[in-house]
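What follows is a short report on a single structure.
The values are calculated or read from the model by the stated rules, or taken from the named source; none is laboratory data. Everything numeric here is computed off the predicted structure, so don't read it as measured data. Reconstructed Cβ throughout: ideal geometry from the backbone, glycine too, with neighbour counts over all protein chains shown. Surface accessibility is based on the protein's heavy atoms, side chains included, excluding ligands, DNA and RNA. Shrake-Rupley method; radii C 1.70, N 1.55, O 1.52, S 1.80 Å.
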Amino acid sequence: MEFSKVNHSRHKVTEFDGSRLPIAEVKAILAEAILAPSAHNIQPWHFAIVASDEKRAALSTAMYGKNAAQHEAAGATLVVYSDTDLTERVHDLVEIGADFLAEASKEMLLTRLPGMFEKFSPEELSDYLALNIGLVAQNIVLVATDKGLKTNMILGFDKVKAKEVLAIEERFRPELIITMGYSDTEGTASYRLPVNDVTDVI
C-alpha cells in the first residue's frame, strides 16, 4: 500500500470485533515499527503485549472511562514504555549489537552518550523520551493500518497503576497504550488545520 493511502486511511477506531491477534503478528508489526528514527539511535522504547487473560483484566482496572471496554475487545493491546535508564540502554545497544557495530561506534556510545544523559534535567529526560516514543508509536499505528488493522492510541489510563499491575522492569515507564484489531468501523477523518495556517516561510 502506498504511504499516502495508508496515511489517509488511518483513523481512530475504538470498537473491535473481539478476535485475538496472534502474538507473532503483533511482533511482526513491531519489527517494522522499530525502524523509526530515534535521537542518537538510542531506541529508548520497550513494549508489553498484554496477552494473558489475567494481565488484560488487571490492565482494565487502570483504564479511565470507556477505555477498558475498548481494550477488552481489542485483538491486541500494546503498552509502549520509555526506558528511563538511558545509560543502561547504551550498554544494551553495545552488547546486543556487538557483531554489528564498528569499534569506533561502540567507543562513541560508551564514552560520549552516558555523560550527556547524566547531565539531563528531569524535564530534559522526559522531553527526550517523549520525542522518541512519539516516533515509534506513529510507526506502530501506520504499520498496523497497512496490514488491514484498526488502531487507537490511549493516554487515558493510570500510569502508576498500569506499571504496578503489569510488573515490567522498574526502569521502564509506561507512556501510552495502543489497541489494535479488526473492526467493521472505518473511523472518520479528524479535522486538520490547513498547512498554510501552521507554516511560516521565513
* To do: Sort through S126, S183 and tell me the only one that's polar (S, T, N, Q) and either open to solvent by 70 Å² or more (accessible area, probe 1.4 Å) or outside any loop (DSSP other than H, G, I, E, B) (or both).
  => S126
* Asked: Can you name the residue in segment 153-172 that is in contact with a helix residue (DSSP H, G or I) (Cβ under 7 Å, 6 or more places away or on another chain) and part of a strand (DSSP E or B) and is also surrounded by the most Cβ atoms within 10 Å (Cβ to Cβ) among such residues?
  -> F157
* Kindly check whether there is at least one residue in segment 99-116 that is of a type in the set (V, I, T) and modelled with pLDDT of 95 or more. => no
* Structure fact -> Counting only residues in segment 150-170 that are β-branched (V, I, T) and out of contact with any Phe, Trp or Tyr (no Cβ under 8 Å at 6 or more places or on another chain), the one farthest from G18 (Cα to Cα) is identified as V160
* Among the residues of segment 78-103 satisfying the criterion of being among the charged types (D, E, K, R) and in contact with a Pro (Cβ under 6 Å, 6 or more places away or on another chain), which is farthest from A162 (Cα to Cα)? -> R89
* To do: Taking D99 as meeting all but one of (1) under 20 Å from G156 (Cα atoms); (2) not in a helix (DSSP H, G or I), write down the number of the exception.
  => (1)
* Structure fact -> For segment 187-202 the number of residues that are part of a loop (DSSP other than H, G, I, E, B) and loosely packed, with under 10 Cβ neighbours inside 10 Å is 11
* Structure fact -> Of the residues in segment 31-56 that are among the β-branched types (V, I, T) and at pLDDT 95 or above, the one that is surrounded by the most Cβ atoms within 10 Å (Cβ to Cβ) is V50
* Structure fact -> The lone condition T84 fails out of (1) open to solvent by 40 Å² or more (accessible area, probe 1.4 Å); (2) over 18 Å from the mean Cα position of the chain (by Cα); (3) of a type in the set (S, T, N, Q) is (2)
* Structure fact -> Pairing a residue in segment 51-72 that is within 19 Å of L155 (Cβ to Cβ) with any residue that is open to solvent by 70 Å² or more (accessible area, probe 1.4 Å) and among the aromatic types (F, W, Y), where Cβ atoms lie under 6 Å and the two sit 6 or more apart in sequence or on different chains, gives none
* Asked: E123: more than 13 Å from the chain's Cα centre (by Cα) and modelled with pLDDT of 95 or more, yes or no?
  -> yes
* To do: Please find, within segment 2-30, the residue that is nearest to the chain's Cα centre (by Cα) out of those that are among the aliphatic types (A, V, I, L, M) and surrounded by 11 or more Cβ atoms within 10 Å (Cβ to Cβ).
  => L30
